[in-house]
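Participant: Let me give you the structure first, and then I'll get to my questions.
Just so you know, all these numbers are worked out from the coordinates, no wet-lab data involved. On a predicted model such as this, the values are computed, not experimentally measured, just so you know. We place every Cβ from the backbone using ideal geometry, glycine too, and count neighbours over all the protein chains shown.
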Amino acid sequence: MDAFTSGPVSYLELVAVFVAAVSGGLAAVRRRFDAFGVLVLAWVTGLGGGILRDVLIGDTPPVGISSWRLVTAALAAGVIIFFFHPGLERMRRSILVLDAAALALFVLQGTTKSLGLDAGILASVVVGVLTAVGGGVLRDVLVGEVPLVFADRQLYAVPALVGAGLTAALWSAGVLEVWTALAVVALVFGFRIVSLARGWTVPHPGPGWTARWGRRSGKM
Amino acid sequence: MDAFTSGPVSYLELVAVFVAAVSGGLAAVRRRFDAFGVLVLAWVTGLGGGILRDVLIGDTPPVGISSWRLVTAALAAGVIIFFFHPGLERMRRSILVLDAAALALFVLQGTTKSLGLDAGILASVVVGVLTAVGGGVLRDVLVGEVPLVFADRQLYAVPALVGAGLTAALWSAGVLEVWTALAVVALVFGFRIVSLARGWTVPHPGPGWTARWGRRSGKM
Amino acid sequence: MDAFTSGPVSYLELVAVFVAAVSGGLAAVRRRFDAFGVLVLAWVTGLGGGILRDVLIGDTPPVGISSWRLVTAALAAGVIIFFFHPGLERMRRSILVLDAAALALFVLQGTTKSLGLDAGILASVVVGVLTAVGGGVLRDVLVGEVPLVFADRQLYAVPALVGAGLTAALWSAGVLEVWTALAVVALVFGFRIVSLARGWTVPHPGPGWTARWGRRSGKM
């Protein structure tokens, strides 16, 4: 699986970090953060998921603070946002598509790295999802908002979970190769894009089910 | 101290995780989180304290992301909350009692694990308390609230601190065995329950003392 | 560089922790936290930056939970705040000066420790800054506020960044000794104090630049 840490795929990782960092920089601008705040939010959003992953699987220092390439990609996004944010706000639709690609790449890369370090199937699936959604959660907490991924009902974490589970299954079966890995990426990306286009949602804990169940059985 | 990681006591740990996870799931429902948010909050609240403990003492990956039993216990709480939350909201009083038991078990188990990994007395007491209260702090931060344990004046962390200190003292004296450990659990549980029943509170930094002190000595 | 972990300089570290912890305790009092909350906020603010540093560079358990001296310094600040907070609120100006000294010491010590553990230049600069600003970020998140360091436009993180970069440069050149290190501390301290006195600010992502750029080029 070296193809994921060197060669063409590693450039995709830089793009994924950059795109995620853009969303962090924009959140910082909206909250009227200063230049330092914009750069930190870009860094935390672009690389925070991977930092949580590396801390949890014991691979310290995390690449998110030690890799010049990755840190540069995140800070570059912050600098660009700082100067050109109104333009980027208007590119929201394109950013959503790029973000779906970043989601897919983060899931594959996070799960694969963790499996390779013998963290086990379950922990690898968890940190695979965390690599993809952790940066956004840190971003939202740092700007004082409830994490979007927990409440917006969008299918964001669900494609990540499917991708992480599939990656782990392919790895267990000994068939996680470049082509199967790219199929996982394509699947997560496609699942996310179709969810967006069709407006699919995660269910809500409405009173519905319980009310019906309550009516059937009296009271709990 | 193997009795705490296998055998009957380990089932108690599952119950403790489940009970803590219930409080996380309920907080998520109250904030109108979606299904993914409810499951994550249950997981973070049930296992977050132990995850912080394991990261701090360097035992990675933390059991909170690698143990099928523990993760299943937390997610089961999330699923049950998702469907039956109104009923569980009404069971608040029973949950308080179960939560006191969870507090006691988490303290014993967190402190003991840390001592066993040679983290030292002080660090073990700190992570013992953190195992018990850390999940709730993460829950409150993720739903956008100030952590209850810092401000509600209840004796929640204080029994935990007493229990962690006592566990460390017994361990230092070489007399931490099953029976002394169960006595610690009983003491923490009893202390918490009596505090609840009598409405005992942690003091507040009121203006009182300083005002009096100021009157005596002019000004500071 | 042993002079920084023993001897006179190590007493300065205790002072730095105490001063940072004071700001945490005051934030807790303002939010009406109880005694436990005040102590925890003092501890998290005084030692949280170092705890994040140690977790990121894999030096567990962090000194912030295992060193009696450091934990005592932080909790002493919490106890003093609990009883005498109105007086300390009035000493705000003196606290700002002491806090600038703490900033300088934390940066030097965090960067040096990380370099000594072979974390690499980039990671060491990052955790050097984090040692200095991390405690305040955790404090603000725990009291439900947006981290001041991201948005108040003060030159707080910038002197830290300059100091961490300089420390790493001196270390790379093999000339990080007691006198050069003290020069770094003096520089960071002076930079911070002069910034405060002159009211220097970090730029804001105002509409300015983009608007001008937009006018020149039509639209993006």
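Participant: Over the whole of A:40-51, what's the average partner chain Cβ count within 10 Å per residue? Rounded to a whole number, please.
Facilitator: Partner Cβ neighbours, averaged per residue: 1.
Participant: Related question: Would you please give the residues with an amide H less than 5 Å from that of residue C:154, counting only those at least 5 places away or on a separate chain, with H modeled from the backbone geometry?
Facilitator: C:202
Participant: Now for a separate question. Please report, for residue C:93, the nm distances (one decimal) from its label point, 7 Å out from Cα along the beta-carbon direction, to the equivalent points in the remaining copies, shortest first.
Facilitator: Copy-to-copy label distances for residue C:93: 5.8, 5.8 nm.
Participant: What residue among C:21, C:73, C:42 has the largest mean-square fluctuation in a Gaussian network model of chain C, using Cα springs under 10 Å?
Facilitator: C:73
Participant: Neighbour counts of other C-beta atoms within 10 Å: give me C:106, A:189, A:84 arranged from fewest to most.
Facilitator: A:84, A:189, C:106
Participant: Considering every pair of different Cα atoms, what Kirkwood radius, in Å, is found for segment A:2-217?
Facilitator: Evaluated on segment A:2-217, it is 17.7 Å.
Participant: Sticking with the crude label model, points 7 Å out along Cα→Cβ, report the distance from residue B:197 to residue C:201 in nm, one decimal please.
Facilitator: Going from the residue B:197 label point to the residue C:201 one covers 5.9 nm.
Participant: Given a cut-off of under 8 Å on Cα pairs at least six residues apart, what relative contact order in percent is computed for segment C:2-203?
Facilitator: Relative contact order of segment C:2-203: 23 percent.
Participant: Whole Å is fine, so just give me how far the alpha carbon centre of segment C:78-143 lies from that of segment C:19-45.
Facilitator: With segment C:78-143 and segment C:19-45 each reduced to a Cα centre, they are spaced 14 Å.
Participant: Go ahead and estimate [θ] at 222 nm for chain C from helices alone: -39,500 (n - 2.57) per DSSP H run with n ≥ 4, summed, over the residue count, rounded to 500.
Facilitator: That comes out to -26000 deg cm²/dmol.
Participant: With a ≥ b ≥ c taken as the square roots of the eigenvalues of the C-alpha gyration tensor of the protein assembly as shown, please select rounded if a/c is under 1.5 and otherwise prolate if a/b is larger than b/c or oblate if it is not?
Facilitator: The shape class here is rounded.
Participant: For segment A:64-140, what does the relative contact order come out to in percent, with C-alpha contacts under 8 Å and a separation of six or more?
Facilitator: 22 percent
Participant: Could you calculate the FRET efficiency of residue C:177 with residue A:15 from 1/(1 + (r/R0)^6), where r is the beta carbon distance between them and R0 is 41 Å, rounded to 0.05?
Facilitator: After rounding, the FRET efficiency stands at 0.40.
Participant: Here is a further query. Who wins for biggest fluctuation among A:117, A:52, A:70 in a Gaussian network model of chain A, springs between alpha carbons below 10 Å?
Facilitator: A:117
Participant: Can you give the FRET efficiency for residue A:89 and residue B:32, using 1/(1 + (r/R0)^6), R0 = 25 Å, r = Cβ-Cβ distance, to the nearest 0.05?
Facilitator: Taking R0 as 25 Å, the efficiency between residue A:89 and residue B:32 is 0.40.
Participant: Find every distance from the label point of residue B:186 to the corresponding label point in the other copies (7 Å from Cα along Cα→Cβ) and write them in nm, one decimal, shortest first.
Facilitator: Nearest first, the other copies' label points are 6.5, 6.5 nm away.
Participant: Just check segment B:113-178 against the gyration tensor rule for me: Cα atoms, a ≥ b ≥ c as the square roots of the eigenvalues, rounded for a/c under 1.5, and otherwise prolate or oblate depending on whether a/b exceeds b/c.
Facilitator: Verdict is prolate for segment B:113-178.
Participant: State the volume of the convex hull built on the alpha-carbon positions of segment A:42-83, expressed per residue in Å³ and rounded to an integer.
Facilitator: 43 Å³
Participant: Right, next: Could you give, in nm with one decimal, how far residue C:172 is from each other copy of that position, shortest first, with labels 7 Å out from Cα toward Cβ?
Facilitator: Spacings between copies for this position, smallest first, are 4.6, 4.6 nm.
Participant: Can you tell which of A:11, A:97, A:206 lies farthest toward the positive end of the dipole of chain A, using +1 and -1 charges on the Cβ of basic and acidic side chains (Lys, Arg; Asp, Glu)?
Facilitator: So the residue we want is A:206.
Participant: Sort A:148, B:47, C:142 so the one with the fewest other Cβ atoms within 10 Å of its own Cβ comes first.
Facilitator: Least to most surrounded, the residues fall as A:148, C:142, B:47.
Participant: I've got another one for you. Could you work out, residue by residue across A:134-144, how many beta carbons of other chains sit within 10 Å of that residue's beta carbon, and then give the average as an integer?
Facilitator: Taking the mean over all residues of the peptide, I get 2.
Participant: Where Rh is the Kirkwood radius over the Cα pairs of segment A:1-122, the temperature 37 °C and the viscosity 0.692 mPa s, what D in µm²/s does Stokes-Einstein return?
Facilitator: Rounded, D is 224 µm²/s.
Participant: Using θ = phi - 60° and the Karplus curve 6.51 cos²θ - 1.76 cosθ + 1.60, what whole-Hz ³J(HN,Hα) does each residue of segment A:60-68 get, with Gly and Pro shown as x?
Facilitator: Coupling constants for segment A:60-68: 10, x, x, 4, x, 10, 10, 8, 4 Hz.
Participant: Sticking with this one: Return the inverse of the average 1/r over all pairs of distinct C-alpha atoms in segment A:83-201, which is the Kirkwood hydrodynamic radius, in Å to one decimal.
Facilitator: 14.9 Å
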